[in-house]
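Notes follow once the structure below has been shown.
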Ligand code: B12
Ligand code: SF4
């Protein structure tokens, strides 16, 4: 009944919108990552690779590395958008513009679009929820053949109503090696800028259940893994893609972007062994929970495979906050784990979060002290992440200062319990200033290993811009404070 006429699908374009600072030409791009230049989305390149097998004329634009050539996009038959929370506003803007100028079918997907589809569908024809490795093929075939779109995982319009066809099982076979050449101008940029590095995603999902986590709501709590051979081949291609023609790379490192790589121990060990047995001699960095610090066999293999650092989601520095967010962690074990990782000759990068109920003035200084005392060579300090689709978001919605998604990129966006929002924002600035201070630069020059030292110096430039952006938001937070502090005290008594 809802089948339509077969549609021509000869040209596909995919768009990864930037957020507040999409790509632009700048001298800064040579040494500052994540200001106007950053790595394009692995997820969307993977989908482009799958789609290109059906529709040869498939190309992706990422505002992380280039401007969009709109004249090439208008006459596409389908346009796909990858939507995270931080780039949702810009994605909608671009989609609305294309709606006016193009007859293409507009499709959205990715974390924010999936978990917040009633909003996303206002700007497109279809939302494909969850991982689209399989559903993208089904959609292209259905449109081509004029079939009814009734398979699970689709949000669509029917008689002016939004309909969801139901949850779909996440794909098990995720062994696609992304063809990075499908991203417009990426090959040139990757060879030109040291600030872009090889990036490989090897597994999806995490069995833990931290209340604020978007990753498990989207990918699920079952870990789905690529095969070691497929990962090694991807690493090889990623390195080749980023190789400079004559001069060796100054800072050569592959980022395995999994959220908790060692979680499936047997699999992680088999991946490490496959890297060791291959001819790849490179540096690696990866994200892992602190428990990896108690696994001597894993750490020894990581070291042997070339892992020069592990990024640990430290998040908070007190046990009450871990409890508050259902994070299975405690301060004492965390510190011993960091010590043991260092003992294996692997560096530690710390990922921190502020804004928990316990946090008050001085939290920035406390983080900086922890970083210094525990010889952490790189950090990311952000405010609590409120992303629609998590139970944490639903429970704490009343604390939000606004829902301007493009400001949801590390800024304070809520009214914390024991500190004002703009004061908390200042604490992030204080932490950054203390961690990336001239004194620590000197320390890094003499005490850090080469790779850690190089990345620390690069991060000093990046953090300078992070602080500038955080300061810009301070004024907004001060204005919002006056408006929301009274509402907050009402809510506090209600709770
Ligand atoms: C690598 C990474 C980065 C890298 C590179 C980003 C990139 N584009 O790959 C860098 C360092 C640049 C980065 C930066 C940031 N990141 Co980041 N990043 C990641 C990380 C660790 C891996 C991304 C990845 O490769 N995933 C694997 C692929 C396979 O998944 P995927 O992209 O989601 O794609 C699949 C599906 O979502 C779906 N899909 C995706 N797009 C589309 C499109 C269509 C049309 C369809 C149908 C389906 C679909 O299908 C894909 C596979 O089949 C994720 C965590 C994670 N596990 O995803 C965080 C993550 C995406 N980042 C996050 C954040 C917050 C940020 C920052 C704001 C941090 C900050 N304060 O600066 C910045 C913003 C950057 C910007 N653009 O402005 C959050 C986003 C939360 C949210 N709800 O949006 C995440 C989820 C981390 C987290 N734990 O919360 N990030
Ligand atoms: S350990 Fe990390 S990925 Fe897993 S649920 Fe917690 S925050 Fe999410």
Within the range 2-24, find all residues whose amide N lies under 17 Å from a label point positioned 7 Å from the Cα of residue 402 along Cα-to-beta-carbon.
-> 19-21
Pair residue 56, residue 465: separation of 7 Å Cα→Cβ label points (nm) = 3.9 nm
Along Cα→Cβ, 7 Å out, is where each label goes; now give me the distance between the ones at residue 158 and residue 25 in nm to one decimal.
-> 5.1 nm
Rounded to the nearest 0.05, what FRET efficiency do residue 175 and residue 472 have when you use their Cβ-Cβ distance and R0 = 56 Å?
-> 0.85
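In nm², what is the average projected area of the convex hull enclosing the Cα atoms of the range 11-164? Display every interim value, and only then the final one.
Numbers: hull surface 35.5 nm².
The Cα convex hull of the range 11-164, projected and averaged over all directions, gives 8.9 nm².
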Computed label-point distance, nm, for sites residue 150 and residue 227 using a 7 Å Cα→Cβ extension = 3.6 nm
The FRET efficiency for residue 280 and residue 188, from their Cβ-Cβ distance with R0 = 30 Å and rounded to 0.05, is 0.80
Does a label point 7 Å from the Cα of residue 75, set along Cα-to-beta-carbon, have any residues of the range 89-104 with amide nitrogen under 13 Å, and which are they?
-> 103
What share of all Cα pairs of the chain, in percent, falls into each consecutive 20 Å distance bin?
-> 22, 58, 20, 0
Given 0.36 nm per residue, what is the gain on full extension from residue 137 to residue 417 after removing their alpha carbon distance, in nm?
-> 96.1 nm
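For a protection proxy built on the mean count of beta-carbon atoms within 10 angstrom, sort 185-197, 159-171 highest first, please. Before the final figure, lay out the partial values.
Details: 185-197: 18.2, 159-171: 12.2.
Highest to lowest by the protection proxy: 185-197, 159-171.
Please work out how much length the chain gains when fully extended from residue 99 to residue 4, using 0.36 nm per residue of separation minus the C-alpha to C-alpha distance, in nm with one decimal.
Numbers: separation 95, 0.36 × 95 = 34.20 nm, distance 1.96 nm.
Result for the pair: 32.2 nm of gain on full extension.
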19 Å reach of a label modelled at residue 211, 7 Å along Cα-to-Cβ, counting backbone N of the range 351-374 = 353-360
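So for 36, 61, 443, fewest C-beta neighbours within 10 Å to most, what's the order?
Working: 36 20, 61 27, 443 16.
Lowest count first: 443, 36, 61.
Bear in mind these aren't lab numbers, they're just calculated from the coordinates by the rules spelled out. The structure displayed is predicted, hence computed values, not measured ones. Cβ: placed from backbone, ideal geometry, glycine included. Neighbour counts: every protein chain shown.
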